[in-house]
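What follows is a set of notes on a single structure, which appears directly below.
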Amino acid sequence: MGRAFEYRKATKLKRWGHMAKTFTRLGKQIAIAVKAGGPEPENNPALRSVIATCKRENMPKDNIERAIKNAMGKDQSDYKNVTYEGYGPHGVAVFVDTLTDNTTRTVADVRSVFNKFSGNLGTTGSLSFLFDHKCVFTFKKKADMDMDDFILEMIDYGVDEDVDEDEEEGTLTIYGDPTSYNAIQKKLEGDGYEDVGGEFTYIPNDLKDVTAEQRETINKMVERLEEFDDVQTVYTNMKPEEETE
């Protein structure tokens, strides 16, 4: 399995938080997709992608339909994606991905946590050298597919060579250039792959060793950030616990 898959697997519970928070995150993504392309999944690739992710996260159908309906309301706020980055305790890089309708509130909330844990909130792009920005797609694997041919073909669409397979779920996960998101989704759906769910992620390229005590402090900071509804995902370059020696 590739580095990206191992990192995501090791940090999934910490990053995605509890189920209720996951549904809040997905609800905002539905709102953005609906406002951008309408409420009909068959005519809205972005909405199809979010719905596929919702199903994989076991979000009830009623919740999905309610989120779509709410997004069509006249009073529904417009969300913007804003990222915040800086250093937390013990020199660990922290990247906070948010969807917000009030950036003044969100930056104040994020800054308060950095300050509480003696961290420093930096400027946008200050941690770009520590994280690879990727789009990621997970979808059902075809029974008769030739993996070598698939990889060679997808490379032309900006996809990385490493493909991660979850044999238990029967899915494949691929990573690619974020600017190729739409082209990759269109290619996968056009080739008949099912349940194509896509999103964006940040993968650390330089993991930092920490002690058990330091890990506990950093985890507390991440948990505090994840309590805010505006926060979608918190990434760090802290080495996953099972990778430490």
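The values are calculated or read from the model by the stated rules, or taken from the named source; none is laboratory data. What you see is a predicted model; the values in this text were computed from it and never measured. Ideal geometry is used to build each Cβ from the backbone, glycine not excepted, and the neighbour counts take in all protein chains shown.
Worth a mention:
- Within segment 167-188, considering residues that are within 15 Å of MET145 (Cβ to Cβ) and of a type outside the set (Gly, Ala, Ser), the one surrounded by the most Cβ atoms within 10 Å (Cβ to Cβ): ILE174
- Flag if ARG25 is at pLDDT 75 or above, part of a helix (DSSP H, G or I) and over 29 Å from VAL163 (Cβ atoms): no
- Residue in segment 75-86 that is surrounded by 14 or more Cβ atoms within 10 Å (Cβ to Cβ), among the hydrophobic types (A, V, I, L, M, F, W, C), in contact (Cβ under 8 Å) with a residue 24 or more places away in the chain and at negative phi present: yes
- Residue count for segment 75-97, restricted to those that are among the aromatic types (Phe, Trp, Tyr) and at pLDDT below 90: 1.
- Only one of ILE151, ILE155 that is aliphatic (A, V, I, L, M) and surrounded by fewer than 14 Cβ atoms within 10 Å (Cβ to Cβ): ILE155
- Residues in segment 115-159 that are within 30 Å of GLY88 (Cα to Cα), in contact (Cβ under 8 Å) with a residue 40 or more places away in the chain and not in a loop (DSSP other than H, G, I, E, B): LYS116, PHE131, ASP132, HIS133, LYS134, CYS135, VAL136, PHE137.
- Residues of segment 99-129 classified as surrounded by 14 or more Cβ atoms within 10 Å (Cβ to Cβ), under 19 Å from the mean Cα position of the chain (by Cα) and of a type in the set (Val, Ile, Thr), total: 3
- Test: ASP132 is surrounded by 15 or more Cβ atoms within 10 Å (Cβ to Cβ), at pLDDT 95 or above and of a type in the set (D, E, K, R): no
- Any hit, segment 205-225, residues being closer than 30 Å to ALA52 by Cβ, charged (D, E, K, R) and not in a helix (DSSP H, G or I): no
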